[in-house]
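Asker: Attaching a single structure in structure tokens format; questions to follow.
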Amino acid sequence: MENFISYNPTVLHFGRNILSSLGPTLKEFGSKVLLVYGKGSIKRNGLYGKIKNILAENGMEVFEYEGIRPNPLNRDVDAAAAIGRENKVDVILAVGGGSVIDSAKIISITIPVQNPSWDFFTYAAKPEKAIPLVAVLTLAATGTEMNPFAVLQNPDTGVKAGYRSTLTFPRHSFLDPELTFSVPKDYTAYGIADLIAHCLENYFSVAESTLTDRFILSIISEAMTYGPALLDDLQNYDLRAKIMFSATMALNGLTSLGKNTGDWGVHSAGHVLSFMYDIPHGASLTIIFPAWMKLFRDQIPGRIASLGSALFQKSLTPQESIDQIENFFRSIGCPVRLSEYGITGDVRREIFNSMVANKVNGALMKFREEDYLKLIDLFL
Ligand code: NZQ
Ligand code: ZN
């Protein structure tokens with residue numbers, strides 16, 4: 001087991017009607033709020049109206065940034081930060097999924113500086129302080145609600161990259177499973193896949209920590225047991241709650257204790273597919289994870305076999321384990337080949353070039369350039 005420091009300052013509010021304490025929570029930070037949201041889901045499902053009422057009842061002065069897109073862009077972050085800076089906001093309220101909350105994290109550190117937000121990603125700028133961030137999560141998937149990570153795309157450089165700082169944790173996150181009732185079936189499945197992928201990335205980490213492996217296997221089992229049931233019953237509060245809780249626990253530090261870092265090679269490659277073809281994050285991972293396990297099967301056969309055997313509760317070979325995991329992703333309606341997105345033909349070279357430009361790699365399983373082509377052939 002590796003030495004570790006565990007730090008997580010986010011206050012989590014979980015369950016029914018928790019939004020009743022959103023107003024008083026925001027007021028702790030001041031009266032001027034920058035409300036950040038996506039491309040309309042909160043207007044369609046009525047949450048926007050509820051949030052505006054809460055803000056009005058609590059006498060908040062509201063500035064808004066609408067239109068953060070899935071796989072979010074640095075230019076939206078810069079535009080939102082300019083509004084926050086100009087109006088000297090006291091607090092940011094992010095209402096949405098991972099894309100909105102990730103963007104809000106970077107907005108929170110961009111407002112106090114004059115630099116463009118991408119400077120943090122290239123380490124040309126270092127954050128000194130952050131405007132407090134409060135999040136209302138509407139999609140269970142990324143774990144961003146209780147972690148410091150943020151992932152943005154920069155169309156000018158062709159890169160999708162992650163950033164973290166001790167300043168980028170949300171101060172409070174509000175998780176009412178009912179707010180995820182309107183997430184469509186496909187995105188619900190991508191969320192289940194994403195949380196499983198976070199567990200798998202940490203399972204394939206550089207260090208052994210047996211208790212943490214048990215946390216990981218429990219979270220994956222929870223998702224594999226209740227995820228399919230949820231996909232048949234999208235308005236079921238208890239099932240939504242189980243998946244929301246699992247997604248938060250999959251990437252809030254719990255699954256990496258004593259492991260130093262996860263591998264994250266699959267995420268690194270998945271970001272390339274999201275960037276190039278605008279594939280939803282969770283779907284990019286179900287395309288790549290089976291291929292990644294096939295690529296490295298003979299280097300880590302014991303690890304793959306014990307994963308499959310533990311999850312499916314019977315003795316499996318490495319290849320059988322990979323097949324079962326691939327079948328599970330397929331059974332919940334996630335793609336397991338890039339061709340399922342209609343992307344065919346001679347795309348090997350352009351994906352290869354983007355993997356090189358994005359320096360795709362993992363912490364445990366290192367890619368050589370020839371591995372990129374092997375991986376691509378396994379998921380095309
Ligand atoms: O834009 P709106 O209108 O809000 O619609 C969104 C979007 O179209 C919609 N949606 C969200 N809540 C909904 C809803 N539709 C109906 N009802 C609701 N209640 O769902 C679509 C996808 O939203 P998005 O926020 O993009 O999804 P997700 O939460 O999966 O976030 C994906 C982003 O997070 C990054 C990914 O790379 C990707 O950019 N990640 C962030 C991580 C982190 N911060 O820890 C880790 C992850 O591995 C991941 O990389
Ligand atoms: Zn992910």
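Asker: Could you tell me how many cubic angstrom of Cα convex hull volume the stretch 1-136 has per residue?
Answerer: With only Cα atoms used, the stretch 1-136 gives 139 Å³ per residue.
Asker: Relative to the first principal axis of the alpha-carbon coordinates of the chain, what is the inclination of helix 348-357, with its axis defined by its Cα atoms, in degrees from 0 to 90 and to the nearest 10?
Answerer: Helix 348-357 and the main axis of the chain meet at about 60 degrees.
Asker: Could you size up the charge dipole of the chain around its Cα centre, putting +1 on the beta carbon of Lys and Arg and -1 on that of Asp and Glu, and report it in debye to the nearest 20?
Answerer: For this selection, approximately 340 debye.
Asker: Using the Cα atoms as the points, what is the convex hull volume per residue of the stretch 136-201 in Å³?
Answerer: Considering the Cα atoms of the stretch 136-201, their hull volume per residue is 122 Å³.
Asker: Here's another thing I want to ask about it. Assign unit charges at the C-beta atoms only (+1 for Lys and Arg, -1 for Asp and Glu), then state the dipole size of the stretch 68-214 relative to its Cα centre in Debye, rounded to the nearest 20.
Answerer: Dipole of the stretch 68-214, to the nearest 20 debye: 280 debye.
Asker: Something else: Would you mind calculating the relative contact order of the stretch 240-331 from Cα pairs under 8 angstrom and at least 6 residues apart, reporting the percent as a whole number?
Answerer: Details: 56 pairs, mean separation 16.7, N = 92.
Dividing the mean separation by the residue count of the stretch 240-331 yields 18 percent.
Asker: Does anyone have the angle between helix 98-110 and the longest principal axis of the chain? Alpha-carbon axes, 0 to 90°, nearest 10?
Answerer: Helix 98-110 sits at roughly 60 degrees to that axis.
Asker: Pull out a ≥ b ≥ c, the square roots of the eigenvalues of the alpha-carbon gyration tensor of the stretch 5-79, then state rounded if a/c is under 1.5, prolate if not and a/b is larger than b/c, and oblate in the remaining case.
Answerer: Since a/c stays below 1.5, the shape of the stretch 5-79 is classed as rounded.
Asker: Please identify, among K126, K314, K294, the residue showing maximal mean-square fluctuation in a Gaussian network model of the chain using a 10 angstrom Cα cutoff.
Answerer: Highest fluctuation among the options: K314.
Asker: Something else: Starting from the Cα of Y123, move 7 Å in the Cα-to-Cβ direction to define the label point; list residues of the stretch 335-361 whose amide nitrogen is under 18 Å from there.
Answerer: Within reach of a label on Y123: 358-361.
Asker: How would you rank R297, R214, going from fewest to most other Cβ atoms within 10 Å of each one's own Cβ?
Answerer: Values: R297 17, R214 11.
With the fewest neighbours first, R297, R214 line up as R214, R297.
Asker: Would you please calculate the Kirkwood hydrodynamic radius of the stretch 98-175 over all C-alpha pairs and express it in Å, rounded to one decimal?
Answerer: With all distinct Cα pairs of the stretch 98-175 included, I get 12.6 Å.
Asker: Per q in 0.09, 0.11 Å⁻¹, report the Debye log10 I(q)/I(0) for the chain, using one uniform scatterer on each alpha carbon and no solvent.
Answerer: -0.50, -0.75
Asker: In whole Å, what is the distance between the alpha-carbon centres of the stretch 183-228 and the stretch 72-104?
Answerer: About 29 Å separates the Cα centre of the stretch 183-228 from the one of the stretch 72-104.
Asker: Sticking with this one: Relative contact order, percent, of the chain when contacts are C-alpha pairs under 8 Å separated by at least 6 residues?
Answerer: It rounds to 16 percent for the chain.
Asker: What order do you get for C334, C199 when you list them from fewest to most C-beta neighbours inside 10 Å? Provide the component values of the computation, followed by the final result.
Answerer: On the way: C334 24, C199 27.
If I rank by nearby Cβ atoms, fewest first, I get C334, C199.
Asker: Still on this structure, please answer the following. Which of V336, L273, I106 sits closest to the plus end of the dipole of the chain, meaning its Cα is farthest towards the positive end, when Lys and Arg get +1 and Asp and Glu get -1 on the C-beta?
Answerer: I106
Asker: State whether the stretch 159-243 is rounded, prolate or oblate according to the following rule on the C-alpha gyration tensor (a ≥ b ≥ c being the square roots of its eigenvalues): a/c under 1.5 gives rounded; otherwise a/b larger than b/c gives prolate, and the remaining case gives oblate.
Answerer: In terms of gyration-tensor shape, oblate.
Asker: Helix-only estimate, please: 222 nm mean residue ellipticity of the chain, summing -39500 (n - 2.57) across DSSP H runs of length 4 or more and dividing by its residues, to the nearest 500.
Answerer: -15000 deg cm²/dmol
Asker: As I understand it, the value is the acute angle between the Cα axis of helix 237-250 and the longest principal axis of the Cα atoms of the chain; what does it come to in degrees, rounded to 10?
Answerer: Relative to the chain, helix 237-250 is tipped by roughly 80 degrees.
Asker: Pick from I196, I42, I131: which residue has the top mean-square fluctuation in a GNM of the chain where Cα pairs under 10 Å get a spring?
Answerer: Of I196, I42, I131, the Gaussian network model singles out I42 as fluctuating most.
Asker: Near the amide H of E64, under 5 Å away, which other amide H atoms are found, from residues 5 or more places off or on another chain, if H is placed in the peptide plane?
Answerer: It is L35, by chain and number.
Asker: If I model the stretch 275-380 as equal point scatterers sitting on the Cα atoms and use the Debye formula, what is log10 I(q)/I(0) at q = 0.12, 0.14, 0.15, 0.17 Å⁻¹?
Answerer: -0.43, -0.58, -0.66, -0.84
Asker: Continuing with the same structure: Which one of E369, E326, E86 has the biggest mean-square fluctuation once the chain is modelled by GNM with Cα springs under 10 Å?
Answerer: E86
Asker: While we're looking at this one, here's another question. Sorting L137, L22, L375 on the 10 Å Cβ count, fewest up front, what's the list?
Answerer: Ranked by crowding around the Cβ, least crowded first: L22, L375, L137.
Asker: Work out how much length I83 to N45 would gain on full extension: take 0.36 nm times their residue separation and subtract the Cα-Cα distance, in nm to one decimal. Before the final figure, lay out the partial values.
Answerer: Numbers: separation 38, 0.36 × 38 = 13.68 nm, distance 2.58 nm.
Extending this stretch completely gives an extra 11.1 nm.
Asker: Choose one of L167, L200, G253: the residue whose Cα lies farthest towards the positive end of the charge dipole of the chain (beta-carbon charges +1 Lys, Arg; -1 Asp, Glu; about the Cα centre).
Answerer: Highest projection toward the positive end goes to L167.
Asker: Please quote Rg/Rh for the stretch 60-213 to two decimal places, taking the Kirkwood radius as Rh and restricting both calculations to Cα atoms.
Answerer: 0.98
Asker: Using alpha-carbon pairs under 8 Å, 6+ residues apart, how would you state the relative contact order of the stretch 294-380 in percent?
Answerer: Worked out over the stretch 294-380, it gives 28 percent.
Asker: Now for a separate question. Charges at C-beta only: +1 for Lys and Arg, -1 for Asp and Glu. How large is the resulting dipole of the stretch 57-107 about its Cα centre, in Debye rounded to 20?
Answerer: With Lys and Arg at +1 and Asp and Glu at -1, about 240 debye.
Asker: Which ³J(HN,Hα) values, rounded to whole Hz and listed in residue order, are derived for the stretch 79-96 from phi using the Karplus coefficients 6.51, -1.76 and 1.60 in 6.51 cos²θ - 1.76 cosθ + 1.60 with θ = phi - 60°, glycine and proline given as x?
Answerer: After applying 6.51 cos²θ - 1.76 cosθ + 1.60, I find 5, 5, 5, 4, 5, x, 5, 4, 9, 6, 5, 8, 7, 10, 10, 9, 10, x Hz.
Asker: In whole angstrom, note down how far apart the Cα centers of the stretch 237-301 and the stretch 108-158 are.
Answerer: 20
FYI, it's all coordinate maths here, none of it is from the lab. Please read all numbers here as calculations on a predicted model, not as lab measurements. For neighbour counting, all protein chains shown are included, and Cβ atoms are generated from backbone atoms with ideal geometry for every residue, glycine included.
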